[in-house]
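Take a look at the structure set out below.
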Amino acid sequence: DGVATLSQVAAAAACSEAGLAWLAAFLTHLHQRRDQTLAALGAIPGLSVSCPDATYVTFVGLPPGGEAAEALVERLRRDHGLALVPGSPRWFGPGGAGHVRLCFATSEGILAEGLRRFAAGMAAAPSQPEAG
């Protein structure tokens, strides 16, 4: 009932000099993708975004009186091939309403394309809020 040998080897590698160097490089990568995300989202009118402190996701505040998060997420998936998570109070508490959750833990190119699709989808938003 002890820790499996493979898990012990993996833990030792993670705590080694090589493992710590990998972690430092990965954290640099995530900071760069976070900054890329914030710059792109900041250029989309009506959104509110704050810099996340210790995660690879951000909650994006949607324009007040606009499309409901659930409807937006479905439209972006259907029309723009983009998958986001609606900030449903069911999963994220009452503060999640009116937001979408965006993960930026990917490559620079994939993130750039996703952010481009998000901007295009926001520009193509219906003029009247959708029911629901």
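The values are calculated or read from the model by the stated rules, or taken from the named source; none is laboratory data. Since this is a predicted model, take the numbers as computed values, not measurements. Every residue, glycine as well, gets a Cβ built from its backbone with ideal geometry; the counts of neighbours run over all protein chains shown. For the accessible areas, the whole protein counts, side chains as well, though only heavy atoms, and no ligand, DNA or RNA atoms are used. Shrake-Rupley method; radii C 1.70, N 1.55, O 1.52, S 1.80 Å.
Some points to look at:
- Theoretical gain in end-to-end length, Leu27 to Glu70 [0.36 nm per residue, Cα-Cα removed]: 12.4 nm
- Cβ-based charge dipole, the chain, positive-most Cα from Ala13, Ala69, Phe104: Ala69
- The chain, accessible surface, carbon-and-sulfur percent (1.4 angstrom probe): 60 percent
- Sorting 48-56, 116-124 by their mean Cβ neighbour count within 10 Å, with the most densely packed peptide first, gives 116-124, 48-56.
- Built amide H within the under 5 Å cut-off of Leu82, gap 5+: Arg77
- Net length gained if the chain between Arg77 and Val3 were fully extended (0.36 nm per residue, minus Cα distance): 22.5 nm
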